[in-house]
Each structure stands twice: as structure tokens, then as C-alpha cells.
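Novice: Take a look at this one; I'll ask things after.
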Amino acid sequence: MNKNATRAMVSRLFARSPSVHAGKARYGVVVSRFNEEVTSKLLASCLDTLQEAGVAPERIAALSIPGAFELPWTAQEMALSGRYDVIICLGCVLKGATSQNEHISRTVVAELQALAVRSRVPCVLGLITPDTWRQAMARTRGSLDRGREAALVALELAELRFGGCLGRRR
């Protein structure tokens, strides 16, 4: 492969522009109500980003749950239902005076990854684990907006699943 061909391949692989396939996927979004001032902003940004990319509102189902610890079970039920092509999990686990946040975060992240592998339904991690309230709020806007980031990842995974190299047919 010559240098021009290599550069073209690298450019194509790193291009992030979801196509029509991403718009045809069905998205499940599950959001924790704990730290709702933060998670409601993550959810709004996520939903806005999906719709800006051309995903019709009827192709998005959103559920709210009590806390981040319930994300894996809810995502599992969504994955097993067969109704969703990609699941986006949003939550905020703030550091507290004890190590509880570390245990919750570690468990949730591990379970969501295992679920994605087992179920073959991508589970996008939109769980933030800031040390402070200020850090949490910073991750709801601008270049640190994790709700938007989670939606962009979901769009890209839907594209891979249905239109890219994995090319599953619907």
C-alpha cells in the first residue's frame, strides 16, 4: 500500500459522519435520576444530538431509573427485549466522603461492558464520575458534554453495525 492509499484509509477510518444507517437504528436511552440536575442535562444533550443527526423521535425510547446502580439491569432488559439496536446509559456518580462511588462506578462499568459483549447490543457508557459538582456540571456542556458524546458514539456504533464493515442487514 502506498502512502496516499494509507492516508486515504486512515482519513476514512477516522471520519465521523453517521450515514443513513444510523438514522434507521432504534435507540434505547436509560438515565439515572440520582443527581438529576446533571443527568437531565446529559439526557437533553443526548436526545438533541440524536435528532440533529436525523434520528426520528419515534426511533428513540428513553427511560429514567432511580440511580446509576440500576443501569446494568435496565440496559440488560432493553437489550434482551430485541427492540433496540444500541443502548445509551447516562448517569452521574459523584465522589463523596466514602469510597461508595468507586464501588458503584466500577461495578456499573464492568457490567455494562459485559452486557454489550454477551448480548451483542452496544451499550454506550455515558456515566460520568466527577470529583466535584463543578466538574459534573462542566461535563454537561461544550467540549466536555458527555451526553452529546454518548449520542455520537451510539450513532457511530449503529453505523458500524448496519452500514460499515460489520454490515448486518435489517
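Novice: What accessible area per residue comes out for the range 70-170, rounded to a whole number of Å², with a 1.4 Å probe? Please list the in-between numbers first.
Specialist: On the way: 5500 Å² over 101 residues.
Normalised by residue count, the accessible surface of the range 70-170 is 54 Å².
Novice: If you roll a 1.4 Å probe over the range 58-106 with all protein chains in place, what percent of the accessible area is carbon or sulfur? Intermediate results must be reported in sequence, preceding the final value.
Specialist: Working: 1390 of 2550 Å².
Within the range 58-106, the accessible surface is 54 percent carbon and sulfur.
Novice: Something else now. Would you kindly compute the Cα radius of gyration of the range 34-89 and its largest Cα-Cα separation (Dmax), both in Å?
Specialist: My reading of the Cα-based Rg and Dmax gives 11.9, 31 Å.
Novice: I've got another one for you. Under a 5 Å amide H to amide H cut-off, with H placed in plane at 1.01 Å, what residues pair with residue 86 once short-range neighbours are removed?
Specialist: Those qualifying (amide H under 5 Å, at least 5 residues apart or on another chain) are 26, 28.
Novice: Note down the net charge around residue 145, summing +1 for each Lys or Arg and -1 for each Asp or Glu among other residues with Cβ under 14 Å from its Cβ.
Specialist: Details: positive: 41, 139, 141, 146, 148; negative: 48, 52, 149.
Here the charged neighbours net out to +2.
Novice: Tally Lys/Arg at +1 and Asp/Glu at -1 over every other residue whose Cβ is under 13 Å from the Cβ of residue 134; what's the total?
Specialist: Details: positive: 95, 139, 141; negative: 37, 131.
Around residue 134, the surrounding residues sum to +1.
Novice: Quick one: length gained pulling residue 56 to residue 36 fully straight, 0.36 nm per residue minus the C-alpha distance?
Specialist: Working: separation 20, 0.36 × 20 = 7.20 nm, distance 2.51 nm.
Gain on extension, residue 56 to residue 36, equals 4.7 nm.
The values are calculated or read from the model by the stated rules, or taken from the named source; none is laboratory data. Bear in mind the structure is a predicted one, so any value in this text is a computation, not a measurement. In this analysis, Cβ positions are derived from the backbone assuming ideal geometry, glycine residues included, and neighbour counts consider all displayed protein chains. Heavy atoms of the whole protein, side chains included, go into the accessibility calculation; ligands, DNA and RNA do not. Shrake-Rupley method; radii C 1.70, N 1.55, O 1.52, S 1.80 Å.
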